[in-house]
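Worksheet: one structure, shown below.
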Amino acid sequence: MNHRTLILLIGIITLTIGVVLLRNFSLIILPSLSTPGITVTIPPKVLTDEQRQQYSAEQRNAFLSIPIAEGIVDFKLTAQKTKLVFEGTNPLQINAWTYNGDNPGQELRITLGQTARVTLTNQLDEPTTIHWHGVRVPNAMDGVPDITQKSVQPGEQFIYEFTPKDAGTYWFHPHYNTSEQIERGLYGALIVEDASKDSFTRDETWVLDDWSIYNNQLYEQFNTPHDLMHDGRWGNLYTVNGAVNHQTTWSPGDRVRLRLINAANARVMKPDFGDLDITVLAIDGIPVSGTVSYDDLELSPGNRIDLAIMIPKDHQRSTMNVLDTYTRNVATLANIVFDDTIVETPEFIWNTDTAVRWNGINQVNADYRIELDVSRGGMHGINWMLNNEVFPYTTPIQLEKDGFTIIDFVNKSSRLHPMHLHGQFFRVIARDDVSIDEPYWRDTVLVNPRETVRIAFSPSDTGTWTMHCHILEHAAAGMMTTMEVK
Ligand code: C2O
Ligand code: CU
């Protein structure tokens, strides 16, 4: 399209909108503009094709991932019923479902460039699948029942095979009856190692969860009206790596790479490491560019944060508790013991730049506006809706591969909605119309009550990708849709 046709087209569109506005004058006029006789028509501001192409190229260049290994790594995961034991002052044995009998499931660790081949065997009494949260996989490996694959029936197997495009901290979980299957313990970490290994003396993953315990047993009612009316199922027993009051030992001189994963159904967490020296390395798997203050972050369901924690050589303190401080009911997540074997701190090599310069795009109109809201009705008595639609009766969002897109999430409700996009990383560019420049990518963003969050991204892979609230009870009650990337 040349410039003259473009200008002509914009002219026609402006004129049409003008006429429509005039004809509906009494309906649309805002009280503040209601000076009789004066209409102001503001044409929608749009990005030019050139801008879109440039922003999309910037995103592609921000993800420079150089494979450092090769080959196929085989894993076997069996989803099965397990009597899970929580030790502690009040030992419990709960009716859990796990991968291979463990909670969390075995940590799957590969190196960037390697292919993971995971054979899932379903020994549950109901179907299941595995979704690789945050990993850019081929669409057919994304694990969403009836969208990317048939669900895996009891007694059946399914082989997932993919080569992650990005190093980082990811996790996996079912996408069938998700709010029950995850709550019962089906999840695990997937770590894709990068070249920075030698910068750290320890590399630990903490998978955080909370469980609803009632009468010494897992509360076996799921998607209750209470959970649905509120922010989902918030448990009363915390675990880290399946342990109540998780214990770990660090040493003076350590530089620990700590990978935090929130696997809870609904609880937002904010682990507090007291006065330890913390650097944020990565969010949702992807390295941050520049300095990010850990204090400004929260860990919503689905989110990951990678930290570098430096323990000075003269560290005297013997133990410390790591607390969850998101709510006023501060709870203990873990206990760190510092021993007195001083270790040599390695050189810190961390060369990453995932920055983009999408300045000024808050001035334009969003391509999609998605309202998050609630109504009565439906299977569970409450519908959680995206643009007044409930999954699976939703209208897919149409996107183009590498087509730069802006979406507004408009939270009309008074509840939390950590919105998660499958297969895509995005940036948050504004909250409540105020431009912000988060120097990092995400796959999940917490949309607070009555808040509008504007995100921008450029879809990197074709296919049908799911988008949903990661409060799993909200997703179960309909807060889910798909993006068709062509
Ligand atoms: Cu953890 Cu559909 O995602
Ligand atoms: Cu929600």
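The values are calculated or read from the model by the stated rules, or taken from the named source; none is laboratory data. Everything numeric in this text was worked out from a predicted model, so none of it was measured. Positions of Cβ are backbone-derived with ideal geometry, glycine not excepted, and every protein chain shown enters the neighbour counts. Surface accessibility is based on the protein's heavy atoms, side chains included, excluding ligands, DNA and RNA. Shrake-Rupley method; radii C 1.70, N 1.55, O 1.52, S 1.80 Å.
Data overview
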{"read-out": "Out of Ala140, Ala96, Ala116, sole residue that is of a type in the set (A, V, I, L, M), open to solvent by 20 Å² or more (accessible area, probe 1.4 Å) and either within 16 Å of ligand 2 (Cβ to nearest atom) or out of contact with any helix residue (DSSP H, G or I) (no Cβ under 6 Å at 6 or more places or on another chain) (or both)", "value": "Ala140"}
{"read-out": "Residue within segment 470-480 that is within 15 Å of Tyr368 (Cβ to Cβ) and out of contact with any Ser or Thr (no Cβ under 6 Å at 6 or more places or on another chain) present", "value": "no"}
{"read-out": "Only listed residue being in contact with a Gly (Cβ under 9 Å, 6 or more places away or on another chain), within 16 Å of ligand 1 (Cβ to nearest atom) and of a type in the set (Ser, Thr, Tyr), chosen from Tyr219, Tyr160", "value": "Tyr160"}
{"read-out": "Count of segment 155-181 residues which are open to solvent by less than 10 Å² (accessible area, probe 1.4 Å) and in a helix (DSSP H, G or I)", "value": "2"}
{"read-out": "Test: residue in segment 290-308 that is open to solvent by 10 Å² or more (accessible area, probe 1.4 Å), closer than 20 Å to Leu416 by Cβ, within 16 Å of ligand 2 (Cβ to nearest atom) and not in a loop (DSSP other than H, G, I, E, B)", "value": "no"}
{"read-out": "Odd one out for Trp358 among (1) loosely packed, with under 12 Cβ neighbours inside 10 Å; (2) touching a Phe, Trp or Tyr at 6+ places or on another chain (Cβ under 8 Å); (3) of a type in the set (A, V, I, L, M, F, W, C)", "value": "(1)"}
{"read-out": "Residue that is modelled with the lowest pLDDT, among those in segment 309-327 that are surrounded by fewer than 16 Cβ atoms within 10 Å (Cβ to Cβ) and among the charged types (D, E, K, R)", "value": "Arg317"}
